[in-house]
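The values are calculated or read from the model by the stated rules, or taken from the named source; none is laboratory data. Treat the numbers as computed from the prediction; the structure is a model and nothing was measured. In this analysis, Cβ positions are derived from the backbone assuming ideal geometry, glycine residues included, and neighbour counts consider all displayed protein chains.
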Amino acid sequence: MAQTKKTEIAGTPQGLRASASQAIDFERYVPTVVSRLSVKLRASAKIFFQESYGITLLDWRIISFLAAEGPSSAYDIWTLGSLEKAAVSRALRGLVDRGIIVVRNDRKSARRRSVVSLTKAGRRLHDRTFDEIIVRHQRLVGDLTRDQIETFIWTAQHLEGRIALMEREIGPPLSDYDPTKIVNSLDQT
C-alpha cells in the first residue's frame, strides 16, 4: 500500500486531489528482483530440459545432486537440494520407472531410510547434459568478472541467511537503501 505524503500537486481537475505518494519500486526491491530472476531462470530451464532431454527441471536437479554427492537418502536430496519433499518423492518414482535411478534400503539406517543412486543410464544422461549446462551457465554470466560473480553469490547467501530476520524486530534499520519511489496519484475527493 502506498504511503501518502501531504504534498498537493497544482493544476489537477476539480473533484480530484493529486498527491505525491511513496510506493515500492519493484525494479529495486530486492525480494522482487530475486523472485523475477528465479522465475525466469526456472522457466528457461524447464523448457530446455523438457525439449532437449525429455526430463523435468526437478528430474535434472535430482540427477545432478546424485552425480555431485553420490548415493543419498531422499531426505538429503530434498533438504540439501532445497527441494519440496512431496515433489521429490513423486519425481523419484518417475525416475525409477524410467531406469534413471535405483532406490535401495539402507541396512545401516536405524530409521529405515533408503539410498538413491544413479543407474548407468542415469549417469549417461547426466554426462550428456553436463557440457551444455556449463555453456548455458557461461552464457548467463556473460561478461561478468569472477569477482562480480563471487560477490553475487556471497550476496545471495547473505540474504538467504537473513530471511528469518525479516519476521522479527531487530532494532533500527541496518541498511539505508530505500526501495521506494515517489509516484503521483489522482485520488477522488
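Is it true that Thr151 is part of a helix (DSSP H, G or I), under 30 Å from Ala23 (Cβ atoms), at pLDDT 95 or above and of a type in the set (S, T, N, Q)?
Values: part of a helix (DSSP H, G or I): yes; under 30 Å from Ala23 (Cβ atoms): yes; at pLDDT 95 or above: yes; of a type in the set (S, T, N, Q): yes.
Yes.
Being assigned to a loop (DSSP other than H, G, I, E, B) and among the small types (Gly, Ala, Ser) is the filter; apply it to the stretch 108-122 and report the residue that is nearest to Ala45 (Cα to Cα).
Within the stretch 108-122, the first condition is being assigned to a loop (DSSP other than H, G, I, E, B), and the residues that meet it are 108-113, 119.
Then drop every residue that is not among the small types (Gly, Ala, Ser), which leaves 109-110.
Values: Ser109: 35, Ala110: 38 Å.
Restricting to residues being assigned to a loop (DSSP other than H, G, I, E, B) and among the small types (Gly, Ala, Ser), the top hit is Ser109.
Do the conditions hold for His158, that is, is it modelled with pLDDT under 95, within 21 Å of the chain's Cα centre (by Cα) and not small (Gly, Ala, Ser)? Spell out how you get there, then give the answer.
On the way: modelled with pLDDT under 95: yes; within 21 Å of the chain's Cα centre (by Cα): yes; not small (Gly, Ala, Ser): yes.
Taking the combined requirement at face value, the residue satisfies it.
Return the total of residues in the stretch 162-181 being surrounded by 12 or more Cβ atoms within 10 Å (Cβ to Cβ) and either of a type in the set (Lys, Arg) or assigned to a strand (DSSP E or B) (or both).
In the first step, residues of the stretch 162-181 are kept if they are surrounded by 12 or more Cβ atoms within 10 Å (Cβ to Cβ); the result is 179-181.
Those still in the list that are either of a type in the set (Lys, Arg) or assigned to a strand (DSSP E or B) (or both) too: 180-181.
Final tally of qualifying residues: 2.
Select, from Leu159, Leu125, the only residue that is in a helix (DSSP H, G or I), touching a residue at least 60 places away in the same chain (Cβ under 8 Å) and more than 19 Å from Phe65 (Cβ to Cβ).
Values: Leu125 fails: more than 19 Å from Phe65 (Cβ to Cβ).
From the options Leu159, Leu125, the qualifying one is Leu159.
Out of curiosity, is Ser117 surrounded by 10 or more Cβ atoms within 10 Å (Cβ to Cβ), farther than 22 Å from Asp25 by Cβ and polar (S, T, N, Q)?
Numbers: surrounded by 10 or more Cβ atoms within 10 Å (Cβ to Cβ): yes; farther than 22 Å from Asp25 by Cβ: yes; polar (S, T, N, Q): yes.
Answer is yes for this residue.
Residues Asp131, Asp143: which one is loosely packed, with under 12 Cβ neighbours inside 10 Å, under 24 Å from the mean Cα position of the chain (by Cα) and assigned to a loop (DSSP other than H, G, I, E, B)? Let's see the steps before the verdict.
Values: Asp131 fails: assigned to a loop (DSSP other than H, G, I, E, B).
The conditions single out Asp143.
Against the conditions (1) in contact with a helix residue (DSSP H, G or I) (Cβ under 8 Å, 6 or more places away or on another chain); (2) within 27 Å of Ile62 (Cα to Cα); (3) of a type in the set (A, V, I, L, M), where does Ala121 fall short? Just the number, please.
(1)
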